[in-house]
Each structure stands twice: as C-alpha cells, then as structure tokens.
Amino acid sequence: MTHYSPARAISSTMNALVLLGPNDFEVNEVTVPEAGRHEVLCEVHSVAICGTDKEIISGNFLKKGWPRGYPYTPGHEWSGVIVAAGEGAAELGFHPGDRVAGTAHDGCGYCRMCAIGRYNLCENYGHEELGHHHYGHYSTGAMRQYHNTSIKSVFKIPDSMTLEQAALVDASSIALHAVKRAGVQPGDVGAVIGPGAQGLLAGQAAFLLGASRVIMVGRGERLKTAEAMGFDVIDNSEADGPEGVRELTDGKGAHFAIDTAARGTTPADAVAMTRKGGRVALIGVPLEPCVLPLQRIVFEEMDLFGVRANPGTCEEVIPLISEGKMDVDTVTTHTFPLSEFAAAYETFTQRLDGALKVLIQPNTR
C-alpha cells in the first residue's frame, strides 16, 4: 500500500467544527496550531462521530466540564498523518509521514494511576499545565483539518490498515477493554445491550476472547446487521430483554453482560440478564440515576465493572483490525466532508439510512 500523502502544504489557517453553545455549531476558519514539546501535528483524515460527541454537542456533559466553555472543537476518534514533529517527538520515533490512529486520553505520566497503566484515571485529570489532556472532551479535539496531540495519544498503523479503519481504533479498543474488564472466558455466553457500533465491536471482541455465543439485545434495523455478523438477537420492542436472554440460556442467564446503551433501565437490565456469579461491564455513561438490584448482586456474588476509555488496548486492536479479525468496515456506514457536518450529525443522531459509525473527513473537498 502506498503511504498516504498530506493533501496540501500547511497554511496558517484551517477549517474546524466550532461549538458556539449547546446544539449550536458551525464550520469556521481558525488558526492552525503548532506541535509543542512531545507533540505531533497531524493532518486529520477521518473523525468518527461518537455517542459521547452527541452529548457534548447537546450540552448534556457541561457539568462534567465537557467542554469547559465555548467556542470549542470536539472529536476524539480519529486518524491522520503526522506532518510536523514537536520538540522531542522525532527522538521518540514519531516522524512526518507516519500514519496514525488517535485516541482521547493523555495521562500526565507520573501520578500513581499513570504509573500502573491506568492513565484513563489520571489523578491530574483536567490539569493541562500538569501534562494531562482529554482530547475532544475538555482539550481541543480533532474535528478540524490539523490536530496537535501528545505522542502518548497516537499509535502508528500498518500499511495493511486504511485510515478510515484507523478512525475506529479508539472505539474498538474501548470494546476490547470492556470485555477484558468483564473477564470473558472461553466458552462463555454473553449478552450485549445496544446493537450500535460500540455494541457490535464489543460483541466481536468477546468472540475474539473465546465467547461461544453473544446475544445482542436492542431494537430496530441495527439488529439485522447484528444477525448478519453472527450474533443471536433479541428485539426488546417485542420481548423483554432479560427474559429473552434467560430463554436462550436454559434459564440461567449470560455469563457476562455489557451495557453500551446506559439509558433508562439498561444497567439494571444487564444485571437481570446475567447469571449467578456473572460479570457486568458498563460502557455507556448514564445521564440519569438507575436503581440496581443490590441484594441480588451481593447474594449472588456478581461483579460490576465500570469502563472508562481504553488504557493499553489501542496497540492490541490495531493488529486485530489490520488482519481482519475485527470487522470495522461493516459498522462504518457513512462518510461526509467537514463542510457537511450538519447532515452527517443528523444522519448519526437520527440513525438515517442504517447509520452506525459516521466519518467526517476534514480534508476532503
């Protein structure tokens, strides 16, 4: 495969998606950033719209500081090509021309959480002056033509991986982290709530770790895609999800369940469809309280795991994607230039035309 070449010489300005307030955005001309110490400047190829982006754009995470204020540029699932290396970056192996997949978290590197590899839980979260960044959340994101980012947040990709596929590395690595948190074992039967892109990726990751069956619980056209990808499906608009899972597992329930939806009662449903001694991983971020059956969790020794981002799993999913072990092409359904972000966002949020993952390509004219 021929290496991707940047589309044009770097100018002093570029186009970027700019949030002006909740549900208020436009594409504006802004200044091209520079690569700082241990940073690279990348020409962005593709940025995937994520469910978290929807909540950030809607203003639902303002209390979390996502974003801290306006104007703001989101975007955290992306790919591109390094076009400039800041001080120290080349010495550490990052050079112009390198094709990379980007991710959101950049831990400070020296707190206890970072030292033990859980940089997604960095104790200096929110303090850019101490070296922490959370790109596309409170730090400037990648929904722009050029993105400056820490070298800790980019991963080189092989020639066998396209840049469109590389934009799904972040989401795929979260899926892998979730099933690892859930302790998936060979022969397990699992259940995944939410047949969107994250659910389909999590289900595939579960198969790769040895699950014998994965039951996808949800509704709508996405279940057809799930079934075509080899999952058992339960349409919870026609049947109760937990009851359906138990019917498919001789009344016992799944060994593990993963909730990617985090809406309404889905966290409790994940517990309800899991057997004694089972494990539940929660990927989605709930926007409202949910009552969990704590007595059952205690008496049946169930394990409940929160899942935040993807510590250490990007480099694990890259070969899985590049070798065709994890299918990201099926879940990537639409591509738009940055100038058509409004149409892309509507396609994603309204699930138009079977939308799963929608890519924005800022340097496509």
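FYI, it's all coordinate maths here, none of it is from the lab. All values reported here derive from a predicted model rather than from experimental measurement. All Cβ positions, even for glycine, are placed from backbone atoms using ideal geometry, and neighbour counts span all protein chains on display.
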Within the stretch 48-74, backbone nitrogen closer than 18 Å to the virtual label 7 Å beyond the Cα of residue 20 toward Cβ
57-59, 67, 69-74
Please name whichever of 284, 220, 172 sits farthest to the positive end of the charge dipole of the chain, dipole taken about the Cα centre and charges placed at Cβ: Lys and Arg +1, Asp and Glu -1.
284
Over the chain, with a Gaussian network built from C-alpha contacts below 10 Å, which listed residue (150, 173, 212) shows the highest mean-square fluctuation?
212
From phi via Karplus (6.51, -1.76, 1.60), per-residue ³J(HN,Hα) for the stretch 68-80 in Hz, x at Gly/Pro
6, x, 10, x, 8, 10, x, x, 9, 10, 8, 9, x
What is the set of long-range amide H partners of residue 262 at a cut-off below 5 Å, with H atoms built 1.01 Å from backbone N?
284
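Taking loop as defined by DSSP and a crowding limit of 10 other beta carbons within 10 Å, which GluC sites (Glu not before Pro) in the stretch 243-347 fit? Numbers along the way, then the final one.
Working: sites: 243, 247, 300, 301, 315, 316, 323, 340, 346; in loops: 300, 301, 323.
Answer by residue number: 301.
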Determine the distance separating the Cα centre of the stretch 167-223 from the Cα centre of the stretch 25-84; give it in Å without decimals.
27
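State the number of lysine pairs found in the chain whose Cα atoms come within less than 16 Å, restricting to pairs 8 or more positions apart or on distinct chains.
Details: 54/63; 54/64; 54/357; 224/357; 252/276.
Value for the chain: 5.
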Using the charge dipole of the chain (Lys, Arg: +1 at Cβ; Asp, Glu: -1 at Cβ; taken about the Cα centre), state which of 114, 345, 312 has its Cα farthest towards the positive end.
114
How far is it, in nm, from the label point at residue 112 to the one at residue 364 when both lie 7 Å from their Cα along the line to the Cβ?
4.7
Running a GNM on the chain with Cα contacts under 10 Å, which residue among 287, 41, 17 ends up with the highest mean-square fluctuation?
287
Could you pull out every residue, at least 5 positions away or on a different chain, whose amide H is within less than 5 Å of the one on residue 32? Hs are placed 1.01 Å off N in the peptide plane, and Pro or chain starts have none.
13, 14
Mean-square fluctuation maximum in Gaussian network of the chain, Cα pairs under 10 Å, restricted to 241, 93, 218, hits 93
Karplus ³J(HN,Hα) for the stretch 211-221 (6.51 cos²θ - 1.76 cosθ + 1.60, θ = phi - 60°; Hz, whole; x = Gly/Pro) runs 4, 7, 9, 10, 9, 9, 10, x, 7, x, 4
With -39,500 (n - 2.57) per DSSP H segment of 4 or more residues and division by the full residue count of the chain, the 222 nm estimate, nearest 500 deg cm²/dmol, is -6000 deg cm²/dmol
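With a 10 Å radius around each residue's Cβ, average the other Cβ atoms per peptide and rank 203-210, 120-127, highest first.
Numbers: 203-210: 22.4, 120-127: 18.1.
Result, highest mean first: 203-210, 120-127.
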Can you work out the Karplus-derived ³J(HN,Hα) for every residue in the stretch 308-313? Use 6.51 cos²θ - 1.76 cosθ + 1.60 with θ = phi - 60°, whole Hz, and x for glycine or proline.
10, 6, 8, x, x, 9
Amide hydrogen neighbours beyond the local backbone of residue 214, cut-off 5 Å, H modeled:
190, 232
Taking Cα pairs under 8 Å and at least six residues apart, what relative contact order does the chain come out at, in percent?
17
